[in-house]
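Novice: Pasting a structure below so you can have a look.
Read-outs throughout are calculated quantities, based only on the coordinates presented, and are distinct from any laboratory measurement. Small disclaimer: the values here were computed from a predicted structure and weren't measured. Heads up, the Cβs are rebuilt from the backbone with ideal geometry, glycines too, and the neighbour counts pull from every protein chain shown.
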Amino acid sequence: MSADTQELIRICEALPESKRTEVADFARFLISQEDDDKWERLIAEPKPRPKLDTFLRESAKEPETPLDINQL
């Protein structure tokens, strides 16, 4: 276990339960942002994506109509 992890555990143990929950929520938020950043980097890669390009071209040709639940 790293020194940072051990320190974080000591800090959390010194906090009241409500604050520990806030720390955990913030940590989860940071993890979700990291996942978002990875996704954004993946999307921004300039490599060719022929299937995606074809899908985007074809879907752009479709008329815009509101979603009709009865047609699903």
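Novice: Do we have Phe55 as under 30 Å from Arg10 (Cα atoms) and either touching a Phe, Trp or Tyr at 6+ places or on another chain (Cβ under 7 Å) or part of a helix (DSSP H, G or I) (or both) here?
Specialist: Working: under 30 Å from Arg10 (Cα atoms): no; either touching a Phe, Trp or Tyr at 6+ places or on another chain (Cβ under 7 Å) or part of a helix (DSSP H, G or I) (or both): yes.
It is false that Phe55 is under 30 Å from Arg10 (Cα atoms) and either touching a Phe, Trp or Tyr at 6+ places or on another chain (Cβ under 7 Å) or part of a helix (DSSP H, G or I) (or both).
Novice: Say we look at the range 58-72 and pick out the residues that are in a helix (DSSP H, G or I) and among the charged types (D, E, K, R); which of these is farthest from the chain's Cα centre (by Cα)?
Specialist: Step one: list which residues in the range 58-72 are in a helix (DSSP H, G or I), which gives 58-61, 69-71.
Within this subset, residues satisfying the condition of being among the charged types (D, E, K, R) are 58, 61.
On the way: Glu58: 27, Lys61: 30 Å.
Restricting to residues being in a helix (DSSP H, G or I) and among the charged types (D, E, K, R), the top hit is Lys61.
Novice: Can I ask one more? Any residue at all in the range 10-28 that's in contact with a helix residue (DSSP H, G or I) (Cβ under 8 Å, 6 or more places away or on another chain), among the hydrophobic types (A, V, I, L, M, F, W, C) and not in a helix (DSSP H, G or I)?
Specialist: Scanning the range 10-28 turns up at least one residue that is in contact with a helix residue (DSSP H, G or I) (Cβ under 8 Å, 6 or more places away or on another chain), among the hydrophobic types (A, V, I, L, M, F, W, C) and not in a helix (DSSP H, G or I).
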